[in-house]
Structures are given as structure tokens and as C-alpha cells.
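In what follows, a single structure is set out as C-alpha cells and then discussed.
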Amino acid sequence: MAGHLPILRVRNGQVEEVTEPQFALGMFDGTTFGSKTIDAQPGDLFALLTDGLVEVFDDETRELGFD
């Protein structure tokens, strides 16, 4: 993927992507990055994932993946 995965928010048992995937920092000249404010309520859980987690393979060479 060569970039940053979206941030996930878990609220009331529901998982939601609250940001968009982004290109890796410093990889492309002139690349712009978006930002936004994210609502946080008591009990919310935010997950920041590394591509090292989703690109792991099992014994049958199947990638774990983001889903």
C-alpha cells in the first residue's frame, strides 16, 4: 500500500473508517494531505494500524488484509 491506513473508530460495537488512506510522507513531491476533526465520545475506541499488520501472510500465503 505504501501509505497510511485509515483510522478506525469503534462506537457502540460499530467500526467506522474516520479518515481516508494517505500516501506515505515524503514519498511524492507536491503531494497534499487532508485533515479533519473527528468527533470523540466517552467509550469510543480508535485504532491506528500499521501496514505491517494487514500485509502479514498465513501458512497458505493468504494476506491478512484490511477487511
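The values are calculated or read from the model by the stated rules, or taken from the named source; none is laboratory data. Predicted, not measured: the structure shown is a model, and the values here were computed from it. Please note: Cβ atoms are built from the backbone with ideal geometry, for glycine as well, and neighbour counts cover all protein chains shown. Only protein heavy atoms, including side chains, enter the accessible area calculation; ligands, DNA and RNA are left aside. Shrake-Rupley method; radii C 1.70, N 1.55, O 1.52, S 1.80 Å.
The table below lists the values:
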{"quantity": "Given (1) assigned to a loop (DSSP other than H, G, I, E, B); (2) at pLDDT below 85, number of the condition residue 52 does not satisfy", "calculated": "(1)"}
{"quantity": "Leading residue by the ranking (most open to solvent (accessible area, probe 1.4 Å)) among those in the stretch 18-49 that are in contact with a strand residue (DSSP E or B) (Cβ under 6 Å, 6 or more places away or on another chain) and modelled with pLDDT of 75 or more", "calculated": "45"}
{"quantity": "Residues that are open to solvent by less than 100 Å² (accessible area, probe 1.4 Å) and more than 16 Å from the chain's Cα centre (by Cα), drawn from the stretch 50-62", "calculated": "58"}
{"quantity": "Pairs where the first residue, in the stretch 22-38, is farther than 15 Å from residue 5 by Cα and the second is at pLDDT 70 or above and open to solvent by less than 100 Å² (accessible area, probe 1.4 Å), C-beta under 6 Å, 6+ apart", "calculated": "38/18"}
